[in-house]
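The values are calculated or read from the model by the stated rules, or taken from the named source; none is laboratory data. Just so we're clear, the structure is a prediction, and the values are computed from it rather than from any experiment. So basically every Cβ, Gly included, is an ideal-geometry build from the backbone, and we count neighbours across all protein chains shown. When the accessible area is computed, the model is the full protein with side chains, heavy atoms only, and any ligands, DNA or RNA have been set aside. Shrake-Rupley method; radii C 1.70, N 1.55, O 1.52, S 1.80 Å.
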Amino acid sequence: MSTGRALVVDDDPGILEVLEMRLESMGLDVTLAQSYRDAVLLLDEKGFDVALFDLRMEPVSGLKLMEAAHQRQPRLPVLIMTAHGSIDNAVEALREGAFDYLTKPFVPEELRGKIGRALSERRWTRDRTLLKVVGEALGSSGTMERVLDTVAHATVEATEAERAVVFLLEEGRLVPMASAGPPRAPSTSSRPPP
């Protein structure tokens, strides 16, 4: 099972290859891009849990790519990579909204630690947002069905499950009241329900 989805953008194919191997060994589903244009198309197509962008790419820098990424996915933690590791580069990247920065060549423990922190922050931010949505639904004057529907959708999002069903206990029986996710395929079992 994947621990998250990572987008890695660098104009050096060798760096992409090394990062793909290292991130996949950490359990990440890795998507690679060598240009700003390709990265923006990928950001428009699917969501990512963490991104690693090279600082110095031509014709558009990693900081400009980070700006475009945050327009599309505002809570995406971005790590800026640089072979020219200076305090000035790191401060600029952080000031522009980077989660952190990495210097090349990569130290495996540093890479693992910063990716782990970024993923934890991403999950915490997502869960906090979902709890806020559920709290607003519970506090609104909406109907019980809408509240239960919100709980089902939030559960799918928070747990990354394919499907969630909310049951209520009525007269000693569990009754499905709301669900989220794709519809369940009909059972082919010939056994009668209990």
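Considering only residues in the stretch 1-15 that are farther than 24 Å from Glu121 by Cβ and without any contact (Cβ under 8 Å) to a residue 40 or more places away in the chain, the one that is surrounded by the fewest Cβ atoms within 10 Å (Cβ to Cβ) turns out to be Gly14. None of Glu92, Glu121 is surrounded by 15 or more Cβ atoms within 10 Å (Cβ to Cβ), more than 21 Å from the chain's Cα centre (by Cα) and either part of a helix (DSSP H, G or I) or free of Cβ contacts under 8 Å to residues at least 12 places away in the same chain (or both) except Glu92. Can you find even one residue in the stretch 119-127 that is among the basic types (Lys, Arg) and either farther than 20 Å from Gly27 by Cβ or modelled with pLDDT of 90 or more (or both)? No: zero hits. I'm trying to understand the selection: among the residues of the stretch 148-159, which are within 15 Å of Arg126 (Cβ to Cβ), small (Gly, Ala, Ser) and either in contact with a Gly (Cβ under 6 Å, 6 or more places away or on another chain) or buried (at least 18 other Cβ atoms within 10 Å of the Cβ) (or both)? Answer for the stretch 148-159, where residues must be within 15 Å of Arg126 (Cβ to Cβ), small (Gly, Ala, Ser) and either in contact with a Gly (Cβ under 6 Å, 6 or more places away or on another chain) or buried (at least 18 other Cβ atoms within 10 Å of the Cβ) (or both): just Ala154. Taken over the stretch 160-175, the criterion of being exposed (fewer than 11 other Cβ atoms within 10 Å of the Cβ) and not in a loop (DSSP other than H, G, I, E, B) is satisfied by Leu169, Glu170, Arg173, Leu174, Val175. Taking the stretch 49-64 as the range and being surrounded by fewer than 22 Cβ atoms within 10 Å (Cβ to Cβ) and either assigned to a helix (DSSP H, G or I) or free of Cβ contacts under 8 Å to residues at least 12 places away in the same chain (or both) as the test, the residues that pass are Ser61, Leu63, Lys64. Screening Arg22, Arg37 for residues that are free of Cβ contacts under 8 Å to residues at least 60 places away in the same chain and either in a loop (DSSP other than H, G, I, E, B) or basic (Lys, Arg) (or both) leaves exactly one candidate, Arg37. Scoring Thr103 on the criteria (1) over 21 Å from Gly14 (Cβ atoms); (2) open to solvent by 10 Å² or more (accessible area, probe 1.4 Å) leaves a single failure, condition (1). Yes or no: the stretch 65-82 includes at least one residue that is open to solvent by 20 Å² or more (accessible area, probe 1.4 Å) and farther than 25 Å from Arg126 by Cβ. No, because not a single residue in the stretch 65-82 is open to solvent by 20 Å² or more (accessible area, probe 1.4 Å) and farther than 25 Å from Arg126 by Cβ.
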